[in-house]
Amino acid sequence: MIVTKEIIGSNYKGLNILIVSGVHGNESHAVKAVYGLYNRINDEILKDVDIIKNNISKIKFIFNLNEYGLCNEERINQYSKEETKDINRLFPREFNTVDDIKALLHGEYQIVIDVHNSPSCIPCVLVDYDKYTNKNLTCVEGAELVPLVRHTNIGTIKKHFNNEDTRAFTIELPSMGVAGDFVYSTKLLGDFLCTVISNINKPEKQYEVELPIDLYTTVEQGIIYYMNTNPLLKYSKGDIIAKVDDINTGEREDIIAPFDGILYDINETVYVSNLNSIGMFGKEIFK
C-alpha cells in the first residue's frame with residue numbers, strides 16, 4: 001500500500017505543499033529521511049518548526065510512491081505499460097500507467113519537493129532551466145543544499161509541477177558517509193523546507209546562470225574509466241574526472257575538470273567514440 005500522511009498548519013490560507021519520496025525503488029534512504037521530516041514536524045521538534053506550521057495550510061507526504069520498486073529494491077516499476085518503466089520519466093504527459101500513483105499526485109500545490117538519493121553525492125537541489133529558474137533560485141538561496149541548474153526534457157515530477165504558481169524541486173541526498181545518516185538528511189530537508197517557505201514571497205531575483213558544458217573525448221574508439229562512478233560530486237580545476245583508453249592505440253586520455261565545479265551527470269555507456277560527451281560539468285550558482 002502506498003503510504004500518505006498529512007500535516008495541517010495553523011494558516012488555512014497558507015501554502016499547500018507536496019513532499020514525495022520512493023519514486024525510485026532503490027532509493028530507500030530518501031524514504032527514511034522524509035519519514036524523519038514528517039515525524040520531526042508532527043512532533044514539533046524540528047528547528048524552526050513554527051516557520052512551517054504558521055505558513056502552511058497543509059503538507060501532504062507520499063513516502064513510497066513506487067511501492068513495487070521499494071518492495072523489490074528496483075529503480076523501476078514493472079507495472080508500467082509505457083516504453084519506460086521509470087515513473088520519474090513519464091511526466092508531464094498524460095499516461096494511463098499506475099493510475100493510483102497519478103491520482104495521489106493530483107492537487108494544487110505551491111511547493112513540490114521530490115526527494116531522491118544517490119550512493120555518493122553532494123547534497124543538492126536540481127532546478128530546471130526555464131522561465132521559472134529565477135523564481136526557483138530565489139526560493140532556495142540560503143539553503144544548505146547546493147542548487148544545480150540544467151536544461152532537461154526528461155518527464156520528471158519536478159517538470160510536471162513547475163509552473164507560474166508552483167515552485168518544484170528535486171533533491172538528491174547522499175546515502176553514504178556522514179551525510180548518509182538519515183537524521184542528518186532529515187535536518188537538510190527541514191532546513192530546505194524552511195528556506196523555501198521563508199523565501200517564496202520575496203521579490204524574484206535575477207541570477208547569472210551558466211549552464212553545464214559537455215566534456216568530450218578526442219579518442220576515436222575508447223573505453224571510459226571514471227575516477228568515481230557517481231555524478232553530483234565537486235571537482236577542482238585540473239582534477240582528473242575520467243580516463244579513456246584508446247582501443248586502437250592503447251593510449252590513455254585524461255578527462256580534466258576545466259574549472260572548479262560539479263559533475264552533473266555521466267555517460268553510462270562503457271564505450272565511446274570521438275566527440276562523444278562523457279558527462280556534463282558546471283559551476284556552482286551560489287558560493
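Quick note: the coordinates plus some simple rules give every number you see, no bench work behind them. Quick caveat: nothing in here was measured; it's all calculated off a predicted structure. Please note: Cβ atoms are built from the backbone with ideal geometry, for glycine as well, and neighbour counts cover all protein chains shown.
Below are the figures for this structure:
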quantity: Helix 182-199 vs. the chain, principal-axis angle (Cα, 0 to 90°, nearest 10); calculated: 70
quantity: Filter on 60/283; 131/283; 158/234; 205/283; 60/234; 13/187 - keep pairs with C-alpha separation over 30 Å; calculated: 60/283; 60/234
quantity: Gaussian network model of the chain, Cα within-10 Å springs - most flexible of 192, 169, 91; calculated: 91
quantity: Point-to-point label distance, residue 181-residue 246, nm (Cα→Cβ direction, 7 Å offset); calculated: 4.9
quantity: Residue 268-residue 2 FRET efficiency (beta carbon distance; Förster radius 30 Å; 0.05 resolution); calculated: 0.55
quantity: Fluctuation leader among 121, 194, 71 - the chain, Gaussian network, Cα springs under 10 angstrom; calculated: 71
quantity: Gain in span if fully extended, residue 47 to residue 129, counting 0.36 nm per residue against the direct Cα distance; calculated: 26.4 nm
quantity: Relative contact order (percent, whole number), the chain, Cα cutoff 8 Å, 6+ residue spacing; calculated: 17
quantity: Cleavage-rule hits, chymotrypsin sites (Phe, Trp or Tyr not before Pro), segment 212-272, DSSP coil, Cβ neighbours within 10 Å at most 15; calculated: 259
quantity: FRET efficiency for residue 230 and residue 103, using Cβ-Cβ distance with R0 set to 45 Å, rounded to 0.05; calculated: 0.85
quantity: Furthest towards positive pole of dipole, 219, 38, 232, structure part the chain, Cβ charges; calculated: 38
quantity: Cα-centre dipole for the chain with unit charges at Cβ (Lys and Arg positive, Asp and Glu negative), debye to 20; calculated: 900
quantity: Rounded to 5, the percent of DSSP beta bridges in segment 4-199 classed as antiparallel; calculated: 25
